[in-house]
Each structure stands twice: as C-alpha cells, then as structure tokens.
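Read-outs throughout are calculated quantities, based only on the coordinates presented, and are distinct from any laboratory measurement. Quick caveat: nothing in here was measured; it's all calculated off a predicted structure. Cβ placement follows ideal geometry from the backbone for every residue including glycine, while neighbour counts extend to all protein chains displayed.
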Amino acid sequence: MDIYMTGVYIWYYNICKRQVWLMAHSILPDENDDNIVLGRFLHEYYYRKDQKEIKFGNAVFDILYQDKDEIVIGETKKSSRFKEASRYQLLFYIKLLKEAGISAKGVLFYPEERKKEEVVLTAEEEEKLEKMIADIETIIEKESPPPAATCRYCPKCAYREYCFA
Ligand code: SF4
C-alpha cells in the first residue's frame, strides 16, 4: 500500500491510533452520528472560517509570515484541547519545509483562549516525529486495525458504534 503521509495522520496518531488505520483504509464513520468525527469534531477544532489555506506539498497551514530572518508558519485553533496533536502536526509541516531547505518555526494560535504557543523543531522532536511516521506506516500496513481501547475521545467519536457495538 502506498502511503502518502499527511499532517492529518500525525494529528490522528496523537488522538487514537486505531483511527489512523480506519481512515487510511477508507472506513467511513457513522454518517448519521451527530458527533461525526470527520465533521463536527474536527470542525469545532479547526478555525478555518474565512481563512485561506497555504499549501506546500502535503503541508497545509493557514498562516505564513517572516519574522526577521525566519519564516513562521502557523495554525489557528479554536481550542487547545488537542494541543499535543496540533503541535506534532505543525512540527511535521516544519520538517517538510526543512527537507525542502526552508528553515521555519511554528506558532499555534488559540484566539478564544487568548493564548499562543511557539513550536520549534528540535533534534529531539524530529527524532520523535520520525518514530511516529514509521509507526503510522506500520499501523497502516497491518491487515487489521489496532484494538479499540476506550479513551477520552471515544464519546465524541463517530466510530464508536464501529468500535464498541
Ligand atoms: S471510538 Fe475510540 S477507539 Fe474507536 S476510533 Fe474513536 S477514539 Fe478510537
């Protein structure tokens, strides 16, 4: 199976590894579910309303500016609820830029919480990201998904019927 690594996989990996497999294998969640994970759940989180997306290869972010000598890419989020997932998603985009010879740092903006967080790709973070990418590929290549394990995201996940019926 050809795997086109995206920031969305990185994001889901940090939420639920089983979801990575389900998405990669085009298993759609219950479309009648009010909490449909690919719709409302993400929609509430991503703050895209009138923003234009900036695309760079398989990276998509919504803010790009220059700060002195450095390029800054950013994402605006409605809440910091999925902070770690967002951080690694943005780190993945910074890594893609780095591989293209562009040095960048990132910022996550949470306007409703009046917070922002700087995201820097350190050697340690890059190593973690590489392990994550390898693990995502291993998960996707498996014949079956990782077993369902209850986590705090399950109550709002449209896959819950599929996982726990
Ligand atoms: S219901 Fe829970 S275990 Fe199943 S995909 Fe959703 S978050 Fe993962």
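Things to note:
- All positions within the range 118-155 that are in a helix (DSSP H, G or I), within 14 Å of the ligand (Cβ to nearest atom) and within 17 Å of K17 (Cβ to Cβ): I139, C154
- When residues of the range 135-165 are limited to those that are within 19 Å of Y9 (Cα to Cα) and among the hydroxyl-bearing types (S, T, Y), the one surrounded by the most Cβ atoms within 10 Å (Cβ to Cβ): Y159
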